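Presented below is the structure to which this report refers.
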Amino acid sequence: MVLIQILIATLAISLISLVGVLLLSVKEEWLTKALASLVALAAGTLLGAAFLHLVPEAIEQVGAYSGIFLYVLLGFIFFFILEQFLYWQYHHNMVQRIQPFSYLILFSDGLHNFLDGLAIAASFMVSFPLGMATTLAVAVHEIPQELGDFGALVYGGLSRRQALTFNYLSGIMAIVGGIIGFFVFSHMQTSIAYLLLFAGGSFIYIAAADLIPIIKQEAGLRRSIMHFFIFLVGIASMLVIE
């Protein structure tokens with residue numbers, strides 16, 4: 001039963017990689033405005049999932065001690081290093097040609113989706129509500145990311161059909177991560193709590209380092225207030241699930 005839940009959740013996450021099809025017909029101006037709101041929602045949902053679900057659940061499993069937050073910090077640091085490496089590769093390759101950057105996006109997105117699949121598997125193996133909270137948090141931050149990835153892949157030289165196809169192939173890594181996570185964690189129950197902490201750290205990094213700065217760049221008091229409200233809605237959605 002748990003494996004079926006993991007498969008359904010990760011399949012849904014992989015299908016989000018096809019959201020780039022919206023760019024084929026939606027006006028660029030409308031899409032730009034919608035993306036800012038999605039980013040605000042994603043930031044709130046990720047932080048809510050990390051602080052209200054993943055970290056508290058892990059503490060409940062292994063108990064509170066001073067070293068437990070080291071794994072949260074490791075998740076934060078891992079994604080910081082990964083992103084810095086990708087930025088370095090981006091600037092290095094852009095001087096020569098753009099095409100390698102497109103494949104770099106696919107590689108990093110595939111790795112990210114694989115880790116998301118592991119986190120979803122670990123969450124469902126703890127409880128169904130925790131699995132749903134983690135899946136929702138992953139889903140809402142994947143939507144703006146996948147839209148951006150699609151645009152970057154087309155800019156990098158791929159056709160729209162190729163961009164959709166390769167982006168979906170990278171999305172399938174979430175399913176792979178979910179299946180591997182289920183069988184690995186079935187024999188290593190104690191490791192689930194530490195993966196939840198690691199995932200919590202990665203969620204905090206994505207929200208704080210990538211998404212919130214985008215919200216802060218929005219000009220105008222009215223739009224800033226609206227995006228802050230949407231940010232709070234994201235956090236509230238995690239409270240509702242709790």
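Could you sort VAL72, VAL2 by their accessible area in this structure, using a 1.4 Å probe and putting the largest first?
Largest accessible area first, the list is VAL2, VAL72.
Any idea what Rg and Dmax come out to for segment 166-207 if you just take the C-alpha atoms, in Å?
Rg then Dmax for segment 166-207, in Å: 12.5, 35.
If you rank PHE78, PHE183 by how much accessible surface each has, with a 1.4 Å probe, what is the order from largest down? Don't skip to the end; give the middle numbers.
On the way: PHE78 80, PHE183 110 Å².
Listed by decreasing accessible area, they come as PHE183, PHE78.
The values are calculated or read from the model by the stated rules, or taken from the named source; none is laboratory data. These numbers were taken from a predicted model, which means no experiment stands behind them. All accessible areas refer to the heavy atoms of the entire protein, side chains included, with ligands and DNA or RNA removed. Shrake-Rupley method; radii C 1.70, N 1.55, O 1.52, S 1.80 Å.
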